[in-house]
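This report concerns only the one structure given below.
The values are calculated or read from the model by the stated rules, or taken from the named source; none is laboratory data. Quantities reported herein were computed from a predicted structural model and do not represent experimental measurements. Cβ placement follows ideal geometry from the backbone for every residue including glycine, while neighbour counts extend to all protein chains displayed.
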């Protein structure tokens, strides 16, 4: 072989597109979620931990940890009989303790989002679980009402931090991909936690356990969630502490849209609180005994949990989130308006089968309007509206019922509130279509 031939071959090997370098010079194209090089599929990388397996594992960890929130929320109500007997509490005191768990959210939801942006989501959520654990222990040690209030308040502050930032963490993992289904699964962890508390603490109380035992168990569930998050959850790339770039500043357009979404969620949860608190009273006034009334409303709640999963799966498979939202809210609202004059069993069971359909849709709306850098503050705004509706609508319904003296008034109020959700959704759709978010 001549020296000229050898020189030419060396030059060819250094040129893109020749010999073994040909494949390296060809562009990588993403097509339908698959990487392709030279026409051949290549196994996709996890892209910073956002692979399909990583996303669903993160959701499983977050939803399981969030069971502790529903469990601890229900703990006071589940031990209420012994609590009233031992501490001599009035029913108004008991009601205040139950509501105190969500009341801090009206003030702390937005600062909670800012804390996540400043110190990191996982770190702040674990702080919230530590506060829930400490608050549960303090409440269990209480020998007077003031200490019980302090423990409940401390737990509620921790619950706010957990609730706001866990929703943001799920949004990070699923924004643009199965977000409705993911949110439906995530949100329903709260009522499942309530159901577990009803079962476990009911058995403990029935076995003669003192009321502090139930509160200690609720603290233990929060401690278990803390360990689960510490050992099994890997942070998302958008879980950043100390972020101060321009992309982290929330715009006025985002504030308006996420506020509309938050109003919908606040009305939904406020109406749910009214149904849980006042539908049994209406049923009892209509001739049901307390056990029958509680069982019927409880069955409706479990049907709601199931329909929430159905709504998430339907949105994932067939789309049509608007149809799911309108069907669920209109059916529930009209059902509440008709309940005083309709057959109550079939009406409530029908409500339960349909009222969960919009859950994932509403919870997915912030992901559609918030940029990654503004999600922490945006979810704080979203949850501020949630807590406002959750803590404000049931007392308003009670006040109206006291004024009217009619046990159906609260149901009319809940139904009317639910019928405003489609109007807010229409405003959300129109505003989001008028203006694109900044890149």
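Just a few scattered comments:
- The set of residues in segment 374-411 being surrounded by fewer than 21 Cβ atoms within 10 Å (Cβ to Cβ), assigned to a helix (DSSP H, G or I) and in contact with a helix residue (DSSP H, G or I) (Cβ under 6 Å, 6 or more places away or on another chain) consists of 388, 400, 409.
- Verdict on residue 319 being in contact with a helix residue (DSSP H, G or I) (Cβ under 7 Å, 6 or more places away or on another chain) and outside the structural domain of residue 187 (by TED's automatic domain parsing): no
- Selected residue (criterion: modelled with the highest pLDDT) from residues of segment 412-438 that are in contact with a helix residue (DSSP H, G or I) (Cβ under 8 Å, 6 or more places away or on another chain), in a helix (DSSP H, G or I) and over 22 Å from residue 333 (Cα atoms): 431
For (1) free of Cβ contacts under 8 Å to residues at least 24 places away in the same chain; (2) within 14 Å of residue 335 (Cβ to Cβ); (3) not in a helix (DSSP H, G or I), each residue gets a yes or a no:
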| residue | (1), (2), (3) |
| --- | --- |
| 267 | no, no, no |
| 275 | no, yes, no |
| 278 | no, no, no |
| 284 | yes, no, no |
| 295 | yes, no, no |
| 299 | no, no, no |
| 308 | no, no, no |
| 313 | no, no, no |
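- Residue that is farthest from residue 276 (Cα to Cα) [pool: residues in segment 318-350 that are within 21 Å of the chain's Cα centre (by Cα) and crowded, with 18+ Cβ neighbours inside 10 Å]: 321
- Residue in segment 82-103 that is farthest from the chain's Cα centre (by Cα), counting only those that are at pLDDT below 80 and closer than 20 Å to residue 159 by Cβ: 94
- Among all positions in segment 412-428, there is no residue which is more than 21 Å from the chain's Cα centre (by Cα), without any contact (Cβ under 8 Å) to a residue 40 or more places away in the chain and either crowded, with 19+ Cβ neighbours inside 10 Å or within 25 Å of residue 190 (Cα to Cα) (or both).
- Residue in segment 226-249 that is surrounded by fewer than 16 Cβ atoms within 10 Å (Cβ to Cβ), part of a helix (DSSP H, G or I) and modelled with pLDDT under 90 present: yes
- Residue 64 being farther than 18 Å from residue 156 by Cα, in the same structural domain as residue 153 (by TED's automatic domain parsing) and modelled with pLDDT under 85: no
- Total residues in segment 353-373 satisfying the condition of being surrounded by 24 or more Cβ atoms within 10 Å (Cβ to Cβ) and not in a loop (DSSP other than H, G, I, E, B): the figure is 10.
- Qualifying residue in segment 120-129 (condition: at positive phi and at pLDDT 85 or above): yes
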